[in-house]
Every structure is written in structure tokens, then in C-alpha cells.
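The values are calculated or read from the model by the stated rules, or taken from the named source; none is laboratory data. Because the structure is predicted, anything quoted here is derived from the model rather than measured. We place every Cβ from the backbone using ideal geometry, glycine too, and count neighbours over all the protein chains shown.
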Amino acid sequence: MRTVDVCLTPDLLHQYELAGKNVVVVDILRATSCMVTGMAVGVAAIKPVASLEECADLKKQGYTTAAERNGAKAEGFDMGNSPFEYMQPKLKGNKVAVTTTNGTLAISKSVDADEIIIGAFLNLTAVANYLLERPQDVIILCAGWKGKFNLEDTLFAGALVQKLTKDGQFEYACDAALAAEAMYKDASTDLMHYMRNSSHAKRLGRLGVVKDIEFCAQHDTYAVVPRIQEGELVI
Ligand code: 3SL
């Protein structure tokens, strides 16, 4: 039977075998929520890169550049990392290159996977259905914060584990999957309460970012499943 596993931070990824598996990268606040939003509202392509230098270079190739470090927009780039910035009408049909503190790094560390899929609460059911239709085992990679565990990515992992294991189509590969699911079950009655208490929501709050958190907690706003193909997201 197919298995679903959860890697709680990219710093633990060396313990996982990615070859032959599909990896779902999640950074609820906010990188993967931005990517799902951008692809759903008509951005032509999003190219995630790990470094600020690579991102800045892509400007010459016609990309709009988006960069975040430590929660704030990085200086010298066209935009930061809010899902609302990805809704700007001028981005429709255009390409965005993006680098973020944790999310794009997690994507770059997943290159050995069969497929890299971008997950968020915003496209939870679409991602689950996509995975249910495929034969591969699944690893959900939580982007976390600078190598540490975070709440919101683990909650998403739990929500996805719940959907994949519901009818016995996937089995739990390890205790991280069981723990994430238990946490989501506990939190789902008041997800916003959990999200607001998370360290990154508080960090963003100190930077004046509030409405993004509620937006990123919404479930199934979009039905797109962004995947990496030749270094860029496609749907
Ligand atoms: O770390 C990341 O990848 C970002 O998503 C962090 S932030 O929400 O933009 O601050």
C-alpha cells in the first residue's frame, strides 16, 4: 500500500528517501500560499529559487522579482511575499521569480523527488485528489522556520494525512504523520486560534502583517495543483 510520511523541517530531510516519491512542499505562512494564489489567478509561471542573487538575476530575463527575508520584503525587488501582491492584475500572464526564507529553500532541497507539488490550505482538497490518483508514496515536507518545527505547516500536513488515509488508500509511514493528523484534528475546530498563536503569525504581526494569516488559513479557495517542471511551477 502507498504510504504518507511527514518531514517536520527541511533539516530532517536527509533521513528521507525522496527518489520514486512525490513530495508536497508546504509553507502556509506564506510562500506556498502565495504560489497557489498566483498560479490560480493567472500568473503565467513562478520560478522558486533559493538565493536573493539568483532571483535578482532573473529580472534580466523578464521576470517580476519577489523576495522575502525574515518576514519582510527584501530591498531592491519588485514585491514581497503576500498572497495579495500575487493578485495584482498586472501580473496576469507574466512570470514571477521568487525567493523566501524557508519555502523556496525547501523546494530546492526536494529535487530528487519524482514530483514536487505545492500545497497550502488554499488547495488542500485538490492536492489530496491529485495524490490519490497517483501510485507514488508521499512525503509532506514542512518548510518550518530556519530548520525549526512550525505549527501551521504541521497542521496542513495533518489535514492532508487525514484526507489520504481516510479510506485506507494510504498508510502512515511514521509517527510524524500520526502526530500531525492528531494535531490537525484537535486544531480544526478553531484553526485561526492555533494559527494566531504560532510563532510566525506573531512575527508577521510585529511587522504589521495580519490579513494574510486569515487568508492563508482558508481551505479550498482554489483547485489548482502547482508542480515543478523544469524549474518552474505549472498547473
Ligand atoms: O519563510 C518563508 O518562506 C516565508 O514564507 C516567510 S513569510 O511568511 O513571507 O514571512
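Points worth noting:
- In the stretch 133-150, of all residues being assigned to a strand (DSSP E or B) and either closer than 19 Å to Leu191 by Cα or of a type in the set (A, V, I, L, M, F, W, C) (or both), the one that is farthest from the ligand (Cβ to nearest atom) corresponds to Val138.
- Each residue in the stretch 179-200 was checked for being touching a strand residue (DSSP E or B) at 6+ places or on another chain (Cβ under 7 Å) and away from the ligand (no atom under 16 Å from the Cβ), and 1 of them qualify.
Table: residues versus (1) modelled with pLDDT of 95 or more; (2) out of contact with any Ser or Thr (no Cβ under 9 Å at 6 or more places or on another chain); (3) of a type in the set (Lys, Arg).
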| site | (1), (2), (3) |
| --- | --- |
| Arg134 | yes, yes, yes |
| Lys166 | yes, yes, yes |
| Leu178 | yes, yes, no |
| Met183 | yes, no, no |
| Met192 | no, yes, no |
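- Neighbours by Cβ (under 7 Å, 6+ apart or cross-chain): first from the stretch 201-228, within 13 Å of the ligand (Cβ to nearest atom); second modelled with pLDDT of 95 or more and acidic (Asp, Glu): Leu204/Asp212
- Among the residues of the stretch 12-26, those identified as among the aliphatic types (A, V, I, L, M), touching a residue at least 12 places away in the same chain (Cβ under 8 Å) and surrounded by fewer than 24 Cβ atoms within 10 Å (Cβ to Cβ) are Leu13, Leu18, Ala19.
- Residue among Glu181, Glu232 that alone is acidic (Asp, Glu) and touching a Lys or Arg at 6+ places or on another chain (Cβ under 9 Å): Glu232
- Test result for Val4, among the aliphatic types (A, V, I, L, M), away from the ligand (no atom under 13 Å from the Cβ), touching a strand residue (DSSP E or B) at 6+ places or on another chain (Cβ under 8 Å) and farther than 16 Å from Leu233 by Cβ: yes
- Checking each residue in the stretch 152-186 for being within 13 Å of the chain's Cα centre (by Cα) and either surrounded by fewer than 24 Cβ atoms within 10 Å (Cβ to Cβ) or of a type in the set (Phe, Trp, Tyr) (or both) picks out only Phe156.
- Selection count, the stretch 135-151, where residues are more than 18 Å from Met183 (Cα to Cα) and surrounded by fewer than 24 Cβ atoms within 10 Å (Cβ to Cβ): 6
- Number of the exception - Thr154 against (1) closer than 19 Å to Leu29 by Cα; (2) in contact with an Asp or Glu (Cβ under 8 Å, 6 or more places away or on another chain): (2)
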